[in-house]
Amino acid sequence: MEKEPLLMLPGPVPMPERVRAAMMRQAINHRGKEFSGVYADCVRILKTAFGTENDLFVISGSGTASMEAAVGNFGRGRKIACLVNGKFGERLYKISQRYGSAIEIGSEWGTPLDLGKLEKALSEGAEMITLVHNETSAGIRNPAEKVGRLARKYDALFVMDGITSIAGDLVKSDAWGVDVAVVGSQKCLAAPAGLSALSVSNRAWERMTEPRPYYLDLAAYRKSASAKLMETPYTPAVPLFLALREACLILEEEGLPARIERHHRMAEAVRAAAKTWGLSLFPRIDSDHAYSNTATAIRLPEGVEDAEFRATIKNMGIEIAGGQDHLKGKIFRIGSMGAVGAPEILATLAAVQYALKKHGYNPKGCGVIAAAEVLG
């Protein structure tokens, strides 16, 4: 039997057997008591991961669906300041262009955001801010807390993509002043792709815009979730909800602080390996920004061809990611999120170290040992 690949990507990630098994049962009534309990468990546990007491809903649609729900329900016709330093910040900007008057406040991918330009846009009437907290396309974590303070200073709504940080890194949506936060199921939660969740503050509810999307109408989600039996307004992807509930229960059993610490150590191990090999991390960080704790972006050494390099690793049963768009062939990315730990990280780094040597780069030291020292 062919062995399953080890996915060390910035999502999707390996799923625990409990999560996979949850999808294999007979269908259930999505308007019944059992589904209501499943949905309630997801919401209860996800609120902890979001750091929120706000309303929270699960949508049958990927993270992009919830990104669009956030902008489509609260940004139509508004002036929206979009912070961009990677592919997913760019996606929020493109979504915002569909609904409002979008202003791109961009910097090179993987470089610090210009919060001075953001404040200028706010002082000139921007009513909403969009931000990707953890930009996996470039391996950089952006300063959500500082952005939240600016949003409050200028009374703007703050939409935060936490798709690859929630449940894997510290997120305090309420304390940071986030009005709408978003997560995707196939990232740090280690659930199957196809679901997303978002939280909504009271400030956001007071500022809903018209007309709203139909399938992504959050007023409809709110009404259905507040019914006697908690439900979704339209037919949900029930098997995915069952799997998400199991993933959330695993999160609860591990404990959020322990889960965050595990993600931090895995990322530190990958960074230690890269340094020992003599390779540079792609992002340029400052005192406000940091390296991502769920996906590490590493510059590909000169002379190493990306497709051949990653194919060698894939032939060993492990998949890592390359760069996106203009970063193709320039970086490679190793995910450290979800249901993985030291064995998976060390196996991945051993494969990467071998592939580097095979394709013409001689690492300065043993990155596997350096990583093991972090993980031990």
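Just so you know, all these numbers are worked out from the coordinates, no wet-lab data involved. Everything numeric here is computed off the predicted structure, so don't read it as measured data. As a convention, Cβ positions derive from the backbone with ideal geometry for all residues, glycine included, and neighbour counts pool all protein chains shown.
Points worth noting:
- Relative contact order, whole percent, for the range 264-341 stands at 31, derived from Cα pairs under 8 Å and 6 or more residues apart.
- Sequence-ordered 3J(HN,Hα) estimates for the range 160-168 from the Karplus curve with 6.51, -1.76 and 1.60 and θ = phi - 60° stand at 10, 7, x, 4, 10, 10, 4, 6, x Hz, glycine and proline given as x.
- The phi torsions of the range 90-104, fed into the Karplus equation with coefficients 6.51, -1.76 and 1.60 and a -60° offset, translate into couplings of 5, 5, 4, 5, 5, 5, 4, 4, 6, 10, x, 9, 8, 10, 8 Hz, rounded to whole numbers, with Gly and Pro shown as x.
- Convex hull (Cα only) mean projected area of the range 32-161, reported in nm² to one decimal: 8.3 nm²
- Farthest toward positive dipole pole in the chain [+1 Lys/Arg, -1 Asp/Glu at C-beta], among Ile45, Ile369, Gly75: Gly75
- Relative to the compact-globule estimate of 2.2 N^0.38 Å, the Cα radius of gyration of the chain comes out at 0.98.
- Too-long pairs where the Cα-Cα distance tops 30 Å, listed order kept, from Lys94/Lys358; Lys275/Lys328; Lys94/Lys328; Lys87/Lys153; Lys87/Lys275: Lys94/Lys358
- Each residue of the range 304-315 is assigned a 3J(HN,Hα), and the resulting list reads 9, 7, 4, 4, 5, 4, 6, 5, 4, 5, 5, 5 Hz, derived from the Karplus form 6.51 cos²θ - 1.76 cosθ + 1.60 (θ = phi - 60°), x at Gly and Pro.
- Principal semi-axes in Å for the range 110-184 [√(5λ), Cα gyration tensor, largest first]: 20, 14, 9
- For Gly322, nonlocal amide neighbours, meaning residues 5 or more places apart or on other chains whose placed amide H falls under 5 Å from its own, are Arg333.
- Sequence-distant residues sharing a close amide H with Gly341 (under 5 Å, placed H): none
- Structural descriptor for the chain: relative contact order 24 percent, calculated from alpha carbon pairs under 8 angstrom and at least 6 residues apart.
- When Met128, Met208, Met337 are sorted by how many other C-beta atoms sit within 10 angstrom of their C-beta, beginning with the fewest, the order is Met208, Met128, Met337.
- Helix 144-153 axis, angle to the chain major axis (alpha carbon atoms, nearest 10°): 30 degrees
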